[in-house]
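Below is one structure, written out as structure tokens; the observations come after it.
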């Protein structure tokens, strides 16, 4: 064993993902993670005090990766808000969709983790809605959106597009008419925000 | 056995529902249905040639019951289209929601049946979208809706409200903020349809 290695939380999570990919969620253990890191499992527990906290950290990391490119669009307050909202939503849909189609087994693993790590998912959803709200606020300032209650409208936009980003609908993301349906829903939503 | 009884398809489906309620989907058999009807199981098979076709007929009956009050709203072309669309959508949400909350076990049974009877579900969805389309057409005639492609817009409305009528989201229908979220999404959708 190599206890001299510098164990960062990031390194542990990276290796945990590899282990999950190799053994699957049901079989992977903290001992497997420790072995892959060439350290004792006590060393892993020092960073993540339980299997549950390790799983929650992996789920959070996965959600953060979805969040990063979205945050960039939400924070770039210079562009026209309407195009930014459109881009933000399409980026979210594409991120979810590519994860299902490119690596369906890993997606299932993450879904299970995400369902367990409810706090992480709740926090992720709140972050998503806050980002939409910040684009809406910019749009109102730019005079392109008419919105009474920014927070409620942000939630309504998240809800109205749920078919394209909620994993429960993943089976429908392979349909040939998906792009047309995305276009039609986004057009409807964006029209609903437009200032008169 | 009472072979003199008049076996209508409606009577068979009614009794099949009772049997499903009593024994559950996994245990209920055609023999149970025949026994409850006091006829031979051959008599049941004469109307429904297989267990699968019996299950499909039950699923279809369930979907038809959801459809009936919606059809009434869709076909009453005299009222203002905007209020009719709002009422149609709220009636759909309430129908799905009451089925989950009032009889969750039976709802699960129907969901399984509906998933198997894919043709019935596909047909039901098409009917729903056609009904929305007919309200949209009336709204365009009344000059209250601006819609380029009625069929695509009808589908977009169905998609944009999926969180409130698709069974995958049933867990969220008990949330205290559901009415507020329904209101916000419907307001957004209806604004998106409004003629300038």
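A short reminder: the numbers here are calculations on the coordinates, not readings from a lab. As the structure is a computational prediction, the values presented were derived from the model and not from experiment. Methodologically, a virtual Cβ is constructed for each residue, glycine included, from the backbone with ideal geometry; neighbour enumeration extends over all protein chains shown.
Laid out as a table, the results:
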| quantity | calculated |
| --- | --- |
| Label-point gap, in nm, between residue A:78 and residue B:50 - each point 7 angstrom along Cα→Cβ | 6.4 nm |
| Three-way shape call for segment A:69-164 based on the alpha-carbon gyration tensor, with the a/c threshold at 1.5 | prolate |
| Gain on full stretching of the segment that runs from residue B:118 to residue B:105 - 0.36 nm per residue minus C-alpha separation | 2.6 nm |
| For residue A:38, inter-copy label distances in nm, listed shortest first [label point 7 Å out on the Cα-Cβ vector] | 8.1 |
| Packing rank of A:152-164, A:87-99, where each peptide gets the mean count of other beta carbons within 10 Å, highest leading | A:152-164, A:87-99 |
| Shape category assigned to the protein assembly as shown from the gyration tensor of Cα positions, a/c cut at 1.5 | oblate |
| Shielding by other protein chains, B:153-159, mean Cβ within 10 Å | 6 |
| Cα-based helix-to-principal-axis angle, B:9-23 vs chain B, degrees rounded to 10 | 80 degrees |
| Rounded FRET efficiency, nearest 0.05, which uses the C-beta distance separating residue A:194 from residue B:195 and R0 of 22 Å | 0.95 |
| Residue-averaged [θ]222 nm for chain A, counting only DSSP H segments that reach four residues, each worth -39500 (n - 2.57) | -24000 deg cm²/dmol |
| Ascending count of other beta-carbon atoms within 10 Å, so fewest first, for B:12, A:66 | A:66, B:12 |
| Chain B: most fluctuating residue of B:131, B:142, B:108 per GNM, C-alpha cutoff 10 Å | B:142 |
| Cβ neighbours within 10 Å from other chains - mean over A:163-171 | 3 |
| Chain A, relative contact order [Cα under 8 Å, separation at least 6], % | 20 percent |
| Between segment A:26-64 and segment B:21-83, the alpha-carbon center distance in angstrom | 50 Å |
| For A:141-152, mean number of other protein chain Cβ atoms within 10 Å | 1 |
| For segment A:97-166 and segment B:160-184, distance of Cα centres in Å | 15 Å |
| Cα gyration tensor shape of chain A, rounded if a/c is under 1.5, else prolate or oblate by comparing a/b with b/c | prolate |
| Distance-filtered residues of segment A:135-162 - backbone nitrogen under 17 Å, label point 7 angstrom along residue B:180 Cα→Cβ | A:148-160 |
